[in-house]
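Derivation of every value follows stated rules applied to the coordinates shown; laboratory data play no part. This is a predicted model, so every value here is computed, not measured. Ideal geometry is used to build each Cβ from the backbone, glycine not excepted, and the neighbour counts take in all protein chains shown.
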There are 2 protein chains.
Amino acid sequence: MTDQLDIGSLLFIAYRAMGDRVFAAITEAGYDDVTMAQFKLLQRINADGTRLSELAEATQVTKQTAGYLVDQLEAGGYVERGPDPTDARARLIRQTGKAQAIHPIAVAAIAEIEAEWTAHLGKRRMDQLRDGLARLREITDPYLGR
Amino acid sequence: MTDQLDIGSLLFIAYRAMGDRVFAAITEAGYDDVTMAQFKLLQRINADGTRLSELAEATQVTKQTAGYLVDQLEAGGYVERGPDPTDARARLIRQTGKAQAIHPIAVAAIAEIEAEWTAHLGKRRMDQLRDGLARLREITDPYLGR
DNA sequence: CTAAAATAGTCAGTCTCTCTGACTCTTAGA
DNA sequence: TCTAAGAGTCAGAGAGACTGACTATTTTAG
């Protein structure tokens, strides 16, 4: 059972390996008050601002959980809540400059890890892996039905 | 940022999609007292019995966390703790028949999801995906250095 | 046009998982 | 032998996730 893992466990092992290292890079760069859960949420906020419900759906947590994480990000100065001009019930969550500064750090860490993975798998297999995962997202990302 | 996700997020989305469904299948089959965290641990117990430290390392949690989960699995009748004949400090954790009965349910659920994924990607791309992930495990699974 | 239903978000409470730190018991090494 | 390392447990704390109940606004149906 240990040697022949299912594809789900294989996905998790790779995800975890990358996630831990990207997160470590961000922490080491001085952003040590952002947690993994907060960072995942941050990644799903787009430039025009994103609603709490959308973030909750994208990250597959309840609105309450998303609200809890946004509270913390707001307290840390990473996001701002503003009104949504099209709907007075809703509020738009936007990244601040502080949050945007994290982006290049994450990108650099990801590039480094991807380079290691490419060195191990070879460029062709790495491209196939990325392509397969991107296509799979079409049927596995609930948020893509937005 | 939402449309062009990094490979880490892509891995997570696919993992989550599979994990949720396998877990739902197990729950629906009546094993509704097993949690996701417990199931992940269960998957890493091999036929000869596995030490707590090994489980902790394989699932990337502390020994305390692994112990907490094993306590619950033991209370639910899914695992048993026995002595390790080769080392009196250690104990071997073994799956009971009840835990083994979960296995075919998980396998069936995984097969169903993989069939859907194969239908979407095509057999060639699916095989490449599985192959890529398995090879990646060589450098991303800390437990493989056992 | 108004009343009912749906949607966006918050507040309160709880539970699970995870961690750190301190401890015991056993084994292995100098 | 006796000291260091390893296996596991106990205790305490915090993060993140949930359900349920609530307010305010928008949409839909009659």
Inside the stretch B:28-45, can you point out the residues that are more than 9 Å from DNA strand C (Cβ to nearest atom) and either of a type in the set (A, V, I, L, M, F, W, C) or buried (at least 16 other Cβ atoms within 10 Å of the Cβ) (or both)? B:A29, B:Y31, B:L42, B:Q43, B:R44, B:I45
Would you confirm whether or not the stretch B:91-114 contains a residue that is within 16 Å of DNA strand D (Cβ to nearest atom) and of a type in the set (A, V, I, L, M, F, W, C)? yes
For the stretch A:122-133, check the following and say yes or no: at least one residue is more than 16 Å from DNA strand C (Cβ to nearest atom), of a type in the set (G, A, S), crowded, with 16+ Cβ neighbours inside 10 Å and in contact (Cβ under 8 Å) with a residue 60 or more places away in the chain. no
Counting only residues that are near DNA strand D (Cβ under 10 Å from one of its atoms) and part of a loop (DSSP other than H, G, I, E, B), which one in the stretch A:68-86 is farthest from the other protein chains (Cβ to nearest Cβ)? A:P85
Using the structure shown, decide if A:I13 is under 18 Å from the mean Cα position of the chain (by Cα) and surrounded by 20 or more Cβ atoms within 10 Å (Cβ to Cβ). yes
Any residue at all in the stretch A:48-67 that is surrounded by fewer than 17 Cβ atoms within 10 Å (Cβ to Cβ), within 13 Å of chain B (Cβ to nearest Cβ) and away from DNA strand D (no atom under 13 Å from the Cβ)? yes
Which residues, taken from the stretch A:1-56, are of a type in the set (D, E, K, R), within 23 Å of B:F39 (Cβ to Cβ) and either assigned to a helix (DSSP H, G or I) or touching a residue at least 24 places away in the same chain (Cβ under 8 Å) (or both)? A:R16, A:D20, A:K40
For the stretch B:31-46 the number of residues that are more than 8 Å from the chain's Cα centre (by Cα) and of a type in the set (A, V, I, L, M) is 4
